[in-house]
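The values are calculated or read from the model by the stated rules, or taken from the named source; none is laboratory data. Bear in mind the structure is a predicted one, so any value in this text is a computation, not a measurement. Note that we place each Cβ from the backbone using ideal geometry, even for glycine, and neighbour counts take in every protein chain shown. Accessible surface is based on the protein model in full, side chains and every heavy atom, while ligands, DNA and RNA are left aside. Shrake-Rupley method; radii C 1.70, N 1.55, O 1.52, S 1.80 Å.
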Amino acid sequence: MTTAVVTIALAFAGYAVTYLNGLRLAQRQARLNRLNHQLSDFYGPLFALTEANSRIFGAFTERNARPDGRSPFAHETPPSDEELAEWRLWVGTVFLPNIQAMRDLVIKHADLLSEPEMPPILLQLCAHVSGYEITAARWERGNYDQHQSVVPFPSEEIAAYARDGFAGLKREQSRLLGRRQDN
């Protein structure tokens, strides 16, 4: 009788250890799957778009700077009609599609955010895009009184958010995959 009780107790303990280990592995796999989705469907594309937008804006600024090196919009002399026409071309062709793609990521993949609540910087991004959409709609009607969104673009903040979020998730992904991290 004692041997039977010990055998049952050992079998139960073995089952419990196996069950708990399986549960731990399943939770780890679920975390890795979520991380992979966060990286592929939100933080990765957001990071790529913010980097591309920053670089193309830098190229625009360099190409269209005034002789003193400043932007026509950061100058005491207002932009000329030619400068404004060039700005509208770049906004309509490059900048607005980029920021709309960023906004669409936020709206479509809010479930993949790392934070429990929507970060204010992402709300500002969405508002900035809406502000530019109304400005672009006015341009389509021939009204060129406005040339910028009514809400400023949080360029540095959104770039830092995307970069830090992407990097943090990549570190966590490497950890879950058992890879060494070189800091």
Quiz item: Which residue, of ALA162, ALA127, is closer than 19 Å to LEU46 by Cβ, in contact with a helix residue (DSSP H, G or I) (Cβ under 9 Å, 6 or more places away or on another chain), at pLDDT 95 or above and assigned to a helix (DSSP H, G or I)?
Solution: ALA162
Quiz prompt | Positions within region 33-90 being of a type in the set (Ser, Thr, Tyr), in contact (Cβ under 8 Å) with a residue 60 or more places away in the chain and either more than 27 Å from TRP139 (Cβ to Cβ) or not in a helix (DSSP H, G or I) (or both), in sequence order | solution = TYR43
Quiz item: Which ones in region 90-115 are of a type in the set (A, V, I, L, M, F, W, C) and under 18 Å from HIS128 (Cα atoms)?
Solution: TRP90, VAL91, VAL94, PHE95, LEU96, ILE99, ALA101, MET102, LEU105, VAL106, ILE107, ALA110
Self-check item: Single match in THR7, THR77, THR2 (criterion: open to solvent by 40 Å² or more (accessible area, probe 1.4 Å), at pLDDT below 90 and in contact with a Lys or Arg (Cβ under 9 Å, 6 or more places away or on another chain))
Solution: THR77
Self-check item: Given (1) surrounded by fewer than 17 Cβ atoms within 10 Å (Cβ to Cβ); (2) under 30 Å from ARG31 (Cα atoms), index of the condition PHE166 fails
Solution: (1)
